[in-house]
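Worksheet for the structure shown next.
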Amino acid sequence: MITTKTGDKGWTGFGGKRVRKDSGVIEAIGTVDELQAVIQLINYELRITNLDTITNDLYLIMGKKFNADRTRELEKEIKKLEGRVKVCNRFLIFKKRKAVILNWVRTIARRAERKVVSLRNYQLSIINYQTTLQYLNRLSDYLYLLARKAEEK
C-alpha cells in the first residue's frame, strides 16, 4: 500500500526507526534519489554510455548495499576521459546543450556530496560514510569530464 499516512506529521521510517523528514540523513538520501532520477532522464535524452551503471550505483547507495569497487571502476573511466579532453585551466561556461545538461547534473552530485558530508557524525548514517563520499566526489568529476567532452564536440 502506497498511502499509509504514517508520514503525515513529518516523520518517516529509516533504519528501523522513525526520523524527521527534514533530518540530515533523509536530506542526503533524497538528494541522491534526485541525482539518480536526473541521471535517468539525461540517459534517456542523451544516450550516454555508463549512466545505467551509475543509476544502479545510486540505488545501491540508498539501499545501504554499495561497494567501494564501483568507485575504482569510475576512477578508471575518469582516467580514460581525461586522456580525451583538452587540458583546461580556467572556469568554463558551457554553451552546448548536452554539456550544459551534464554540468547541471554535476551540480546535483556536488549537492549530494555536501549533504553526505553533513552526516559525518550522524548516528543513522547512510551506509559507509567514506565510501559514499568518495563515490559522489568521483561521480561529479566524471560528469564534469563528460560535459567538457560534449562541449568540445
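Of the residues screened, Ile93 is not one that is of a type in the set (A, V, I, L, M), open to solvent by 10 Å² or more (accessible area, probe 1.4 Å) and part of a helix (DSSP H, G or I). Out of Leu60, Leu74, Leu81, one residue alone is in a helix (DSSP H, G or I) and either surrounded by fewer than 10 Cβ atoms within 10 Å (Cβ to Cβ) or touching a Leu at 6+ places or on another chain (Cβ under 6 Å) (or both). It is Leu81. Of all the criteria given as (1) under 16 Å from the mean Cα position of the chain (by Cα); (2) within 24 Å of Glu34 (Cβ to Cβ), the one not satisfied by Arg72 is (2). In segment 96-109 there is at least one residue that is among the β-branched types (Val, Ile, Thr), open to solvent by less than 40 Å² (accessible area, probe 1.4 Å) and closer than 30 Å to Val19 by Cα. Taking each residue of segment 87-99 that is under 9 Å from Ala147 (Cβ atoms) and looking for partners that are surrounded by 12 or more Cβ atoms within 10 Å (Cβ to Cβ) and polar (S, T, N, Q) with beta-carbon atoms closer than 7 Å, six or more apart or interchain, yields Phe94/Asn103.
The values are calculated or read from the model by the stated rules, or taken from the named source; none is laboratory data. Predicted model, so just to flag it, every value in this text is computed and none were measured. Reconstructed Cβ throughout: ideal geometry from the backbone, glycine too, with neighbour counts over all protein chains shown. Accessible surface areas use protein heavy atoms only, side chains included; no ligands, DNA or RNA. Shrake-Rupley method; radii C 1.70, N 1.55, O 1.52, S 1.80 Å.
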